[in-house]
Amino acid sequence: MAELPEDEIRSALHRAADLAADYLVGVGDLPVTPSVVPGEIGALLPDEPPLDGEPMERILDDWKSLIVPGLTHWNHPRFFAYFAITGSAPGVAAETLAAAANVNAMLWRTSPVATELEERACDWLRRMVGLPEGFRGHINDTASIASLLALAAARHRLPGLDIRRRGLSGATAAPVVYASDQAHSSIDKAVLTLGLGLDHLRRLPSDERFRLRPEALERAVAEDRAAGRAPMAVVATAGTTSTTSVDPVEAIAEIAAREGLWLHVDAAYAGCAAVCPELRATMAGWERADSIVLNPHKWLFTPVDCSVLFVRDLDGWRDTFSVVPEYLRSWDDSVQLMDLGVQLGRRFRALKLWMVIRAYGVEAIRGAIREHCRLARSLAERIDAEPGFEVVAPVPFSTVCFRATPGGSAQEEDRFNERLLERVNASRRVFLSHTRLPSGLSQEGAPPDRFVLRLAVGNLKTTEDDVEEAWTSILRAARALT
Ligand SMILES: *Cc1c(COP(=O)(O)O)cnc(C)c1O
């Protein structure tokens with residue numbers, strides 16, 4: 001087998017670039033979600049792999065006929081579900097080139113520019129979000145992995161536990177992790193994966209604005225100490241996944257310092273907003289964290305995947321994970337990215353972050369984030385002014401949580417909102433998601449939480465008209481259901 005001849009390399013890549021450009025420019029004209037049932041796409045694919053190769057021309061024809069119809073268009077201006085994101089053109093160009101270079105950034109010498117660009121791009125980001133020097137950034141695939149690594153580093157630092165040598169079987173006291181009931185499920189997964197046990201994750205009830213209560217944290221730590229357990233780490237969330245609430249990081253940092261807890265700040269979404277100085281204030285205190293994660297692939301216009309983890313004590317971090325067999329030994333004194341986590345191999349993800357920051361510049365990035373926040377705020381105002389609807393959480397960033405209030409029992413209202421979401425999404429013109437939030441009004445027989453709709457603005461191409469269309473279709477669907 002040989003690589004494609006030069007003329008075919010060129011034609012395949014030019015065609016792929018054209019298809020990508022057509023997609024980026026035209027995605028807004030497509031329905032935002034596909035019209036397929038489970039198994040439908042799989043049934044179109046041959047059971048057997050081809051014995052003989054096919055021309056790239058024909059394979060690329062399938063992009064429009066087979067692949068695009070099965071896509072949920074995350075790059076669509078009316079994608080408002082989960083956290084809306086953007087794979088921007090500079091990022092897409094960078095991904096193409098990173099694939100062409102196909103380096104493995106495990107060591108400095110296995111591609112010096114990958115390590116050095118990663119350090120520089122992360123340091124640009126550190127400056128952009130106003131974190132002090134001393135935080136060193138590196139890139140992982142996701143915030144879930146970053147939080148897992150942070151809790152592993154916290155466990156490594158726990159006094160009296162020689163985790164590297166003896167593992168958890170050397171523990172005389174069970175390590176405990178604290179977070180609010182609004183923390184992301186990746187924290188549960190991290191606790192599971194690290195063998196700490198879900199019984200040792202304290203998910204503390206949040207306040208009426210969905211923030212961790214520092215008094216509850218203090219109390220839980222005291223109770224665990226009294227019971228002979230070992231408080232290990234607290235996860236403060238800056239921008240929770242349901243409502244984007246921000247835990248009181250300063251007060252949590254104070255307790256963490258006093259109690260010797262590792263402070264990990266999960267700022268996967270809202271950390272990106274700290275690029276705007278006026279949005280940074282809510283995160284005050286995060287500069288005291290041991291580790292902070294934020295996802296440029298969420299709200300900094302960088303294609304999935306790109307999650308930046310800032311670490312204060314890089315030497316301690318490296319001690320947590322580093323294992324160096326002879327064949328991977330280095331003689332230079334650079335950071336070796338393989339030492340910073342579990343995986344050996346690493347993609348050259350810094351290229352896209354660096355290209356995105358350069359292509360737009362900090363001011364334009366700030367402008368885009370401000371515009372997303374403005375669109376969300378103005379929608380929230382309209383929802384609040386609409387009889388039969390309510391906004392159910394503050395809107396500090398670009399995500400609105402709301403529900404219809406048609407009357408009836410809590411269960412009937414929940415059911416109405418579920419059907420409302422189904423109906424709005426069935427139009428395929430917009431795509432929203434949902435969550436459940438603690439209700440506060442624990443009337444007899446009421447569900448402990450309420451079903452609420454979520455609309456997140458985060459795509460670079462989203463305009464006022466797109467949000468308007470979403471709101472109009474919500475109103476129309478609500479009327480049809482009443
Ligand atoms: C989205 C999100 C995550 C998970 O992000 P991944 O990068 O997909 O793992 C974690 N925490 C918060 C607060 C999030 O919003």
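General observations
- Scanning the range 127-140 for residues that are in contact (Cβ under 8 Å) with a residue 12 or more places away in the chain, outside any helix (DSSP H, G or I) and more than 16 Å from the ligand (Cβ to nearest atom) gives 130, 131, 132, 134, 135, 136.
Here is a yes/no grid of residues against (1) in a helix (DSSP H, G or I); (2) touching a helix residue (DSSP H, G or I) at 6+ places or on another chain (Cβ under 8 Å):
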site	(1), (2)
324	no, yes
327	yes, no
330	no, no
355	yes, yes
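- Of the residues making up the range 221-241, those that are within 13 Å of the ligand (Cβ to nearest atom) and either closer than 23 Å to residue 172 by Cα or buried (at least 24 other Cβ atoms within 10 Å of the Cβ) (or both) are 235, 236, 237, 238, 239, 240.
- Subset tally (residues that are assigned to a loop (DSSP other than H, G, I, E, B) and surrounded by 19 or more Cβ atoms within 10 Å (Cβ to Cβ)) for the range 67-80: 7
- Any chance residue 143 is more than 12 Å from residue 354 (Cβ to Cβ), within 16 Å of the ligand (Cβ to nearest atom) and crowded, with 22+ Cβ neighbours inside 10 Å: yes
- Hey, residue 153 under 19 Å from residue 287 (Cβ atoms) and crowded, with 19+ Cβ neighbours inside 10 Å or not: yes
- Looking at 262, 299, just one residue is modelled with pLDDT of 95 or more and within 30 Å of residue 366 (Cβ to Cβ), and that residue is 299.
- Of all residues in the range 156-180 being surrounded by fewer than 16 Cβ atoms within 10 Å (Cβ to Cβ) and either among the polar types (S, T, N, Q) or not in a helix (DSSP H, G or I) (or both), the one that is farthest from the ligand (Cβ to nearest atom): 172
- The single condition among (1) of a type in the set (A, V, I, L, M, F, W, C); (2) part of a helix (DSSP H, G or I); (3) surrounded by 23 or more Cβ atoms within 10 Å (Cβ to Cβ) that residue 362 does not satisfy is (3).
- Tabulated pairs, the range 291-316, first in contact (Cβ under 8 Å) with a residue 12 or more places away in the chain, second of a type in the set (Lys, Arg) and buried (at least 24 other Cβ atoms within 10 Å of the Cβ), C-beta under 8 angstrom, 6+ apart or interchain: 302/352; 303/352; 305/349; 306/349; 306/352
- Some residue of the range 310-331 being within 16 Å of the ligand (Cβ to nearest atom) and closer than 16 Å to residue 136 by Cα: yes
- A residue that is at pLDDT 95 or above and in contact with a Pro (Cβ under 8 Å, 6 or more places away or on another chain) cannot be found anywhere in the range 337-351.
- Selection from the range 269-285 of residues that are within 13 Å of the ligand (Cβ to nearest atom) and either over 18 Å from residue 140 (Cα atoms) or surrounded by fewer than 24 Cβ atoms within 10 Å (Cβ to Cβ) (or both): 273, 283
The values are calculated or read from the model by the stated rules, or taken from the named source; none is laboratory data. Nothing here was measured: the structure is a model prediction, and the numbers come from that model. In this analysis, Cβ positions are derived from the backbone assuming ideal geometry, glycine residues included, and neighbour counts consider all displayed protein chains.
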